[in-house]
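Notes follow once the structure below has been shown.
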């Protein structure tokens, strides 16, 4: 087994948000003005850093299921451009959370000229209420 050193102190929290969802809809996490994350404008992110999205969901129900949505987008005069599915560590693009509590973490491959990130949650129905959290971290490329 090799010795690997992880220096977690050098990670920077880029944003965190909470969403309560109780209907069959898709809702974006609001990280504060301008809602989505512009990596190019955040002091904790440097080009070449890796991005880690940590998601959690809590519910007392067992009927509805959640799906996480991570998108990236180009800059459009200081605003988010047209979002598309981001390249993540999810197997075959699956960001499913299931029908109960969930904790997931996904690495996002930052694409050239696509500095914006949008994170969303989709519920399959209106039976259960989920309280969901999202935290986005920058991981220095030397960690």
task: Have a look at 98, 125 and point out the one that is at positive phi and exposed (fewer than 15 other Cβ atoms within 10 Å of the Cβ).
output: 98
task: Check off (1) in contact with a strand residue (DSSP E or B) (Cβ under 7 Å, 6 or more places away or on another chain); (2) within 22 Å of residue 13 (Cβ to Cβ); (3) surrounded by fewer than 17 Cβ atoms within 10 Å (Cβ to Cβ) for residue 41 and give me the number that stays unchecked.
output: (1)
query: What do you reckon, is residue 70 surrounded by 17 or more Cβ atoms within 10 Å (Cβ to Cβ), at pLDDT 95 or above and more than 15 Å from the chain's Cα centre (by Cα)?
result: no
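So, restricting to strands (runs of 3 or more DSSP E) that lie completely within the range 78-143, which ones have at least 3 residues that are closer than 17 Å to residue 47 by Cα? Before you say what the answer is, go through the steps one by one.
Working: elements: 96-98, 102-109, 116-123, 130-139.
Counting at least 3 such residues, we get 102-109, 130-139.
Could you tell me whether residue 56 is modelled with pLDDT under 95, closer than 16 Å to residue 123 by Cβ and surrounded by 14 or more Cβ atoms within 10 Å (Cβ to Cβ)?
Values: modelled with pLDDT under 95: no; closer than 16 Å to residue 123 by Cβ: yes; surrounded by 14 or more Cβ atoms within 10 Å (Cβ to Cβ): yes.
Judged against the criteria, residue 56 is not a match.
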- request: May I ask you to list the residues in the range 16-28 that are over 20 Å from residue 74 (Cβ atoms) and surrounded by 15 or more Cβ atoms within 10 Å (Cβ to Cβ)?
  value: 17, 19, 21, 22, 27
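The values are calculated or read from the model by the stated rules, or taken from the named source; none is laboratory data. All of these numbers come straight from a predicted model, not from anything done at the bench. Note that each Cβ is placed from the backbone with ideal geometry, even for glycine, and that neighbours are counted across all protein chains shown.
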